[in-house]
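Read the structure below first, then the notes.
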Amino acid sequence: MDFFTSLLNAYEKAEEIGLVDQQTGDNEAVLLPIYHTSLKSNGKNIITVKLDQNGSFYKAEFMANNQMIIFPVTADSVARSGNKPAPHPLVDKLSYYVSEVNQSQYDDFHKQLTAWIDYCEEGKVKEFLMEVQHFILQSDFLSNILHSLFGEHYRREGLKITYPDSSGKDKTIDLSAYFLEFSIVQFHSLKDESVTSYKALHQSFISFITANQDNLGTCNISGRTEQITNKHRGLMGNAKIISVSNKIEAYKGRFKEREDVFSVGYETSEKIHLMIKYLLENKNSSTWLGSSQYLINWFSDDLANKSQLDIVKPVFNDFFEDDEDEEDSLVSIKPNEENKQIGSSFIRGQKLFGNDATYYVAILNKTSNGRIALKYFRQLKVSQLLKNLETWQENYSWVVRTNSGKKVPTFNEIISAAYGVDRERYLELDNDSFQSDQYQQLVTALIDGRPLPNTIVKKFETNIKQRQRYPKHWYQVQQVSLGILHKQYGKEFTPMLDHQETDRSYLFGRLLAIYELFEAQRYALDGGSQERITNAERYWNAYTGQPAKMMNHLENKIKPYEEVLKLNKPGIWHKLDKERKEIIQLLTPMYAYKEFTQPLDYKFIFGYYAEKQFYYTKQTKENEE
């Protein structure tokens with residue numbers, strides 16, 4: 001099934017289950033009814049006009065910030081532009097209600113509203129519309145609103161209003177672009193009803209548009225006979241997902257007119273665009289991927305994604321806690337507590353979708369002010385999705401600092417650790433476009449059940465050898481690298497020390513940890529200053545490039561620290577020396593081979609990490625006995 005058909009089916013499924021026009025009042029996204037749009041208040045763009053039961057003016061006030069209004073639109077008005085922008089049918093900018101501003105716009109507005117009222121047969125809806133029309137046609141319509149908003153002491157020049165503010169100073173405001181939203185207090189059944197909340201009004205307008213269709217033809221998406229349109233909603237500003245090039249060479253020779261390239265029904269277009277709009281605005285179904293790129297996803301039986309499945313940000317995103325010491329984190333590791341439930345790292349809420357359902361995911365990218373590109377679209381059975389999530393979770397999770405077992409790094413953590421620049425607070429990546437591309441690669445790999453892109457894997461292999469590049473955030477780079485690399489090339493490493501492992505890089509990594517521990521434990525005698533850089537850290541890059549040469553160099557460097565430790569903490573010295581002798585014994589058979597002097601591969605980091613964990617875990621247990 002293609003992208004547009006999937007969206008159309010999703011909207012029509014939403015109609016069946018009553019999700020369309022479902023307003024909770026909690027500032028949650030609303031799946032709008034067709035031929036309607038929404039506008040969120042910023043405190044300075046919407047005026048609420050309230051009428052009493054008799055249709056007389058009651059009061060006007062500026063709408064509070066973050067409240068949303070819903071109102072009807074036409075194909076011409078929803079994406080209006082040019083010298084003669086079409087009016088909306090009922091709710092619009094104040095300038096459309098005042099004849100002195102633009103008589104032509106004023107006439108078009110009332111002509112359209114009158115046509116709707118004449119068509120309307122629903123008694124209560126017709127009454128609502130007539131009372132609003134009666135009010136806005138009154139000669140004192142504007143003065144009533146202004147008096148309610150600003151009191152008696154104001155001056156008007158067109159729609160520019162000057163009034164005294166709270167300090168008594170004159171302040172001027174231009175109301176021409178403010179929208180008017182109408183409501184009737186205690187309308188029928190003593191219930192306040194507004195253009196936004198009145199669902200019967202919405203249905204009346206849908207019927208009105210349907211009854212006045214023309215230019216009928218076959219929609220290439222739905223296959224139904226509909227009014228064919230070439231005017232489609234913008235989704236990110238005026239950027240459109242369905243559009244035809246204005247350049248004649250794009251279609252001439254195959255089609256007479258650009259509209260012949262692709263026939264889309266107006267109703268189908270509305271359902272597709274409103275479904276995308278809802279998915280983009282719903283916090284559970286949309287994720288920003290950087291730049292102008294967004295991921296949207298939904299299930300055939302959980303359109304709102306109330307299960308809160310998030311493939312980009314696994315639920316356990318406390319991968320790093322900067323206020324903890326690395327040593328403490330190693331002590332608290334509990335590898336056996338890994339949560340093995342399928343997809344557990346990706347589902348925040350209760351699993352509401354069935355295993356036989358279908359999962360849909362798409363990536364949209366705003367390529368210009370007028371165009372949106374579909375960069376990726378997949379649909380797959382939930383059973384396959386969960387299998388892919390489980391595989392990803394097993395392949396790329398690693399222990400964390402807390403007692404919660406293994407965690408999956410977020411896509412942002414992977415990208416930052418691979419390509420980020422170490423700065424004071426974060427690993428930062430300045431190229432939004434490049435970051436968006438990496439997000440897309442990760443999304444497609446996870447959804448398609450493929451391993452992590454090799455370019456990213458190789459970047460981690462390089463980064464772990466360049467510790468000096470990460471003075472502030474080495475721990476983050478190390479932890480993500482361990483998660484990404486621990487199951488590469490058919491070999492698996494765990495956080496536990498493997499005393500039987502004879503891989504050269506792994507052994508050299510263990511030895512590097514011993515050199516670091518000798519020096520760090522010597523510093524601990526002086527109060528445990530963790531700010532001092534050990535020689536193992538200082539020569540990290542050189543050691544990974546020339547391990548045989550730097551092994552001898554570091555042996556000499558740590559001798560003074562060994563002596564002090566041997567005198568003051570003989571137990572610690574003995575443990576470390578015992579580990580060193582074991583490592584040297586395992587390395588000895590390799591001395592004669594040329595490969596012994598070659599640079600280390602990625603496996604050294606697992607020997608280094610496991611040796612440090614072994615030391616700190618063992619040390620803690622002995623202290624507790």
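The values are calculated or read from the model by the stated rules, or taken from the named source; none is laboratory data. All of these numbers come straight from a predicted model, not from anything done at the bench. When we count neighbours, we look across all protein chains shown, and the Cβ atoms used for this are built from the backbone with ideal geometry, even at glycine.
Below, the figures for the structure above:
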| item | result |
| --- | --- |
| Failed item, numbered, when residue 533 is tested on (1) assigned by TED's automatic domain parsing to the domain that holds residue 602; (2) over 22 Å from residue 471 (Cβ atoms) | (2) |
| Residues within the range 272-315 that are out of contact with any strand residue (DSSP E or B) (no Cβ under 9 Å at 6 or more places or on another chain) and either farther than 19 Å from residue 372 by Cα or modelled with pLDDT of 95 or more (or both), tallied | 2 |
| Hey, residue 135 surrounded by 12 or more Cβ atoms within 10 Å (Cβ to Cβ), at pLDDT below 95, outside the structural domain of residue 224 (by TED's automatic domain parsing) and more than 26 Å from residue 227 (Cα to Cα) or not | no |
| Residues being in a loop (DSSP other than H, G, I, E, B) and under 14 Å from residue 457 (Cα atoms) - total across the range 479-494 | 2 |
| Qualifying position, being surrounded by 17 or more Cβ atoms within 10 Å (Cβ to Cβ) and touching a strand residue (DSSP E or B) at 6+ places or on another chain (Cβ under 6 Å), among 109, 179 | 179 |
| Selected residue [under 39 Å from the mean Cα position of the chain (by Cα), within 24 Å of residue 462 (Cα to Cα) and of a type outside the set (Lys, Arg)] from 610, 548, 536 | 610 |
| Residue tally, condition of a type outside the set (Val, Ile, Thr), in a helix (DSSP H, G or I) and exposed (fewer than 12 other Cβ atoms within 10 Å of the Cβ), over the range 585-595 | 4 |
| Cβ-Cβ under 8 Å pairs, at least 6 apart or on other chains, the range 452-476 side polar (S, T, N, Q), far side in a loop (DSSP other than H, G, I, E, B) and at pLDDT 95 or above | 463/470; 476/470 |
| Condition check for residue 421: assigned by TED's automatic domain parsing to the domain that holds residue 484, modelled with pLDDT under 90 and in contact with a strand residue (DSSP E or B) (Cβ under 6 Å, 6 or more places away or on another chain) | no |
| Condition check for residue 427: closer than 26 Å to residue 599 by Cβ and touching a Gly at 6+ places or on another chain (Cβ under 6 Å) | yes |
| Residue within the range 117-128 that is basic (Lys, Arg) and touching a Cys at 6+ places or on another chain (Cβ under 9 Å) present | yes |
| Every pair of residues 6+ apart whose Cβ atoms lie under 6 Å, when the first sits in the range 357-377 and is free of Cβ contacts under 8 Å to residues at least 40 places away in the same chain while the second is assigned to a loop (DSSP other than H, G, I, E, B) and loosely packed, with under 15 Cβ neighbours inside 10 Å | 373/367 |
| When residues of the range 331-367 are limited to those that are in contact with an Asp or Glu (Cβ under 8 Å, 6 or more places away or on another chain) and among the small types (Gly, Ala, Ser), the one modelled with the lowest pLDDT | 343 |
| The listed residue being farther than 28 Å from residue 145 by Cβ and of a type in the set (Ser, Thr, Tyr), out of 74, 24, 37 | 24 |
| Any hit, the range 544-552, residues being closer than 17 Å to residue 517 by Cβ and either out of contact with any strand residue (DSSP E or B) (no Cβ under 6 Å at 6 or more places or on another chain) or not assigned by TED's automatic domain parsing to the domain that holds residue 463 (or both) | yes |
| Qualifying residue in the range 138-159 (condition: loosely packed, with under 14 Cβ neighbours inside 10 Å and part of a helix (DSSP H, G or I)) | yes |
| Within the range 90-118, tally of residues that are more than 27 Å from residue 369 (Cβ to Cβ), in a loop (DSSP other than H, G, I, E, B) and not charged (D, E, K, R) | 4 |
| Per-region count, the range 421-436, residues assigned to a helix (DSSP H, G or I) and either buried (at least 17 other Cβ atoms within 10 Å of the Cβ) or more than 16 Å from the chain's Cα centre (by Cα) (or both) | 3 |
| Hey, residue 370 surrounded by fewer than 15 Cβ atoms within 10 Å (Cβ to Cβ), at pLDDT below 95 and in contact with a helix residue (DSSP H, G or I) (Cβ under 9 Å, 6 or more places away or on another chain) or not | no |
| Among the candidates 510, 467, residue that is at pLDDT 95 or above, among the charged types (D, E, K, R), under 22 Å from residue 585 (Cα atoms) and over 26 Å from the mean Cα position of the chain (by Cα) | 510 |
| Residue list for the range 596-617, restricted to those being touching a Gly at 6+ places or on another chain (Cβ under 9 Å) and assigned to a helix (DSSP H, G or I) | 604, 605, 606, 607, 608, 609, 610, 611 |
| Conditions (1) among the polar types (S, T, N, Q); (2) without any contact (Cβ under 8 Å) to a residue 40 or more places away in the chain; (3) within 30 Å of residue 303 (Cβ to Cβ); number of the one not met by residue 105 | (3) |
| Selected residue [in contact with a Pro (Cβ under 8 Å, 6 or more places away or on another chain) and in a helix (DSSP H, G or I)] from 441, 476 | 441 |
| Unmet criterion (only one of (1) modelled with pLDDT under 95; (2) hydrophobic (A, V, I, L, M, F, W, C); (3) assigned by TED's automatic domain parsing to the domain that holds residue 136) for residue 219 | (3) |
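Here is a yes/no grid of residues against (1) part of a loop (DSSP other than H, G, I, E, B); (2) free of Cβ contacts under 8 Å to residues at least 40 places away in the same chain:
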residue	(1), (2)
121	yes, yes
134	no, no
163	no, yes
168	yes, yes
182	no, no
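Conditions (1) within 24 Å of residue 190 (Cβ to Cβ); (2) aliphatic (A, V, I, L, M); (3) assigned by TED's automatic domain parsing to the domain that holds residue 177, marked per residue:
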residue: 83; (1), (2), (3): no, no, yes
residue: 98; (1), (2), (3): no, yes, yes
residue: 102; (1), (2), (3): no, no, yes
residue: 113; (1), (2), (3): no, yes, yes
residue: 118; (1), (2), (3): no, no, yes
residue: 125; (1), (2), (3): yes, yes, yes
residue: 146; (1), (2), (3): no, yes, yes
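A quick yes/no check of all residues on (1) under 26 Å from residue 400 (Cβ atoms); (2) surrounded by 15 or more Cβ atoms within 10 Å (Cβ to Cβ):
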| site | (1), (2) |
| --- | --- |
| 526 | no, no |
| 568 | no, no |
| 574 | no, no |
| 577 | no, yes |
| 583 | no, yes |
| 616 | yes, yes |
